[in-house]
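Since the structure comes first, as structure tokens, the remarks are kept for the end.
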């Protein structure tokens with residue numbers, strides 16, 4: 001049989017070349033995916049906000065000397081639209097005024113949540129009702145109180161954290177907790 005110059009000796013070289021091409025495509029795809037993942041925008045639901053880290057450090061001097069504990073205040077890192085980074089301290093509960101609004105009509109739920117917040121040291125206002133009914137619980141914050149609203153997620157897990165839609169709602173409060181239809185005690 002007369003074969004041309006470029007004819008392969010066997011079909012195995014074709015499959016070897018095909019498999020090398022598939023592996024190369026997969027590697028390039030994985031590299032592109034990794035780069036997109038690393039350089040993707042901020043996934044946080046609150047525009048420009050990141051999580052609230054708490055830093056605590058302790059040190060103990062010699063066995064006979066006094067022990068000291070050095071605790072730093074929690075802080076939050078925010079990213080401004082220009083992508084500059086600023087570190088802001090998170091206010092203590094005693095510095096945050098909170099009101100609970102019950103939008104689900106569950107008798108006493110707002111008062112019970114208010115008592116939990118007061119026990120945790122927050123400045124609380126008398127609970128009230130809110131209409132219309134909210135589909136999910138929310139933490140509405142006044143400008144400059146996004147980090148504190150995120151800290152209150154411990155009391156209302158799964159709530160949406162959003163800027164306050166109307167300054168008249170919860171007047172005098174820094175953060176408004178809205179009990180929505182998904183709220184359970």
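Values quoted throughout were computed directly from the atomic coordinates according to the rules given, and no laboratory measurement underlies them. Bear in mind that the values here come from a model prediction, so they are computed numbers and not experimental data. Counting neighbours? That spans all protein chains shown, and the Cβs are built from the backbone with ideal geometry, glycine included.
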> In nm, to one decimal, how far is the residue 17 label point from the residue 171 one, both placed 7 Å along Cα→Cβ?
Replying inline: 8.0
>> Please give the Cα centre distance for the range 134-156 versus the range 104-118, rounded to the nearest Å.
In response: 16
> When only Cα pairs under 8 Å and 6 or more residues apart are kept, what is the percent relative contact order across the range 93-179?
Replying inline: 39
>> 7 Å from Cα along Cα→Cβ at both residue 120 and residue 26: what's the point-to-point distance in nm?
In response: 4.7
>> Quick check on the exposure proxy: order 38, 101, 179, 160 from fewest to most C-beta atoms within 10 angstrom.
In response: 38, 160, 101, 179
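Out of all DSSP beta bridges in the range 93-179, what portion is antiparallel? Express it as a percent rounded to 5. Spell out each step's value before the answer.
Details: 4 of 17 bridges.
The antiparallel fraction comes to roughly 25 percent.
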> How long, wide and thick is the range 93-179, going by the Cα atoms along their three principal axes, in whole angstroms, largest first?
Replying inline: 29, 27, 24
>> Multiplying the sequence separation of residue 184 and residue 143 by 0.36 nm and subtracting their Cα-Cα distance, what value in nm do you get?
In response: 11.9 nm
> Given R₀ = 45 Å, FRET efficiency for residue 131-residue 40 by Cβ-Cβ distance, to 0.05?
Replying inline: 0.70
